[in-house]
Amino acid sequence: MSVCYLAIDVGSAKLAAGIVAEDGEVLVRDRISTPARDVWPALARLVKRVQVSAPSTPVGCGIGCGGPANPLEGTVSPLHIPSLEGFELAAEIQALTELPTVVDNNAKAVALAEAWCGAAVGVSDFAAISLGTGVGGGIVSGGRLLDGHHGNAGHFGHIVVEPDGRPCVCGGKGCVEAYCSGRAIEEETGRPPQRAPQGVVERTGIMVGRALTSLGAVCDLNMAVIGGSVAMGFGEPFFVALRTELEHRAKLSFLKGFTVVPAGLGQLAPLVGAAALVRRRLATSR
């Protein structure tokens, strides 16, 4: 039987689970809207439904979840799902599935996915940024995913782009997420992000470009892979504004040639990334 992984994505808008093959192909997938209450029971039902649909027994389970998360302890505290604060998600899923399980920030998972079989194959230094309901990021440096002291390296959504700006869900002010997340855009415009005015689309690109300039300088990156429902929904006008702002601000010599590309895996990136998390863990434990 071929190797496969059970993959889970926990977001504030949707819960998804799937079976991912060793080459990154998503063989089975299912999703539901994230309920306002009783998130864990709904997730458990979804996971068991997908697990029994696997063509062979998965070798492990990976979970990508909105941050913050503590991969070492297996706990999550997603800002947009208060009922899961401090929840021991890895242990609960491991008990449910009887599979070795790892949990991490879903944007870090996307970075692993894009390096495995997406737009960043063969790239040693890049950031993967996800603009969806929230804003997340993962950083690959020297070919390795950065984890940080608590496992939360790459929290791109909380780079400050407007000093003393809008309040952010994190408790700070002026963060990227306070302006560029789907939730923030909807609160500002009264419309879903896909119907945002052109000015908001372009401003989002400018702010992401502004933050990427700082991140690129700090981490000496040469690429950013941008995905998520907001970015992909905004399309080319967003990317043009982003690249223009980046070119305007990124003046250090080592940032010349910094490229920005859309995520190669599209909507499948979170599930492929969740599989990549446990794939990485199993590889290092051999």
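Regarding segment 29-49, can at least one residue be identified that is within 17 Å of the chain's Cα centre (by Cα) and either part of a strand (DSSP E or B) or crowded, with 16+ Cβ neighbours inside 10 Å (or both)? Give the derivation first.
Taking segment 29-49 first, the residues within 17 Å of the chain's Cα centre (by Cα) are 31, 34.
Now restrict to residues that are either part of a strand (DSSP E or B) or crowded, with 16+ Cβ neighbours inside 10 Å (or both): 31, 34.
Within segment 29-49 (the criterion being within 17 Å of the chain's Cα centre (by Cα) and either part of a strand (DSSP E or B) or crowded, with 16+ Cβ neighbours inside 10 Å (or both)), the answer is yes, since at least one residue qualifies.
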Hey, does segment 7-18 have a residue that's closer than 22 Å to Asp147 by Cα, assigned to a loop (DSSP other than H, G, I, E, B) and outside the structural domain of Ile226 (by TED's automatic domain parsing)?
yes
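This table checks each residue for (1) at pLDDT 95 or above; (2) more than 13 Å from the chain's Cα centre (by Cα); (3) assigned to a helix (DSSP H, G or I); (4) on the phi > 0 side of the Ramachandran plot.
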position	(1), (2), (3), (4)
Val261	yes, yes, no, no
Leu271	yes, no, yes, no
Ala274	yes, no, yes, no
Arg279	yes, yes, yes, no
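Based on what the data block shows, is Phe234 surrounded by 19 or more Cβ atoms within 10 Å (Cβ to Cβ), within 19 Å of Gly67 (Cα to Cα), modelled with pLDDT of 95 or more and not assigned by TED's automatic domain parsing to the domain that holds Pro78? Lay out the reasoning, then the answer.
On the way: surrounded by 19 or more Cβ atoms within 10 Å (Cβ to Cβ): yes; within 19 Å of Gly67 (Cα to Cα): no; modelled with pLDDT of 95 or more: yes; not assigned by TED's automatic domain parsing to the domain that holds Pro78: yes.
So Phe234 does not fit the description; no.
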Hey, does segment 175-191 have a residue that's in a helix (DSSP H, G or I), closer than 30 Å to Glu73 by Cβ and aromatic (Phe, Trp, Tyr)?
no
Residue list for segment 144-163, filter: farther than 22 Å from Thr75 by Cα, part of a loop (DSSP other than H, G, I, E, B) and not aliphatic (A, V, I, L, M)
Glu162, Pro163
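May I ask you to say which residue of Val110, Val103 is touching a strand residue (DSSP E or B) at 6+ places or on another chain (Cβ under 9 Å), surrounded by 24 or more Cβ atoms within 10 Å (Cβ to Cβ) and either in a helix (DSSP H, G or I) or free of Cβ contacts under 8 Å to residues at least 60 places away in the same chain (or both)? Explain how you work it out, then say what you get.
On the way: Val103 fails: either in a helix (DSSP H, G or I) or free of Cβ contacts under 8 Å to residues at least 60 places away in the same chain (or both).
The conditions single out Val110.
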Matching option when the condition is surrounded by fewer than 24 Cβ atoms within 10 Å (Cβ to Cβ) and either assigned by TED's automatic domain parsing to the domain that holds Ser12 or β-branched (Val, Ile, Thr) (or both), among Val140, Val176, Val161, Val135:
Val161
Of (1) crowded, with 18+ Cβ neighbours inside 10 Å; (2) under 21 Å from Val135 (Cα atoms); (3) in contact (Cβ under 8 Å) with a residue 40 or more places away in the chain, Ser83 satisfies all except one. Which?
(1)
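The values are calculated or read from the model by the stated rules, or taken from the named source; none is laboratory data. Computed from a prediction, not measured in an experiment: that's the story for all the values here. Glycine also receives a Cβ, built like all others from the backbone with ideal geometry; neighbour counts cover every protein chain displayed.
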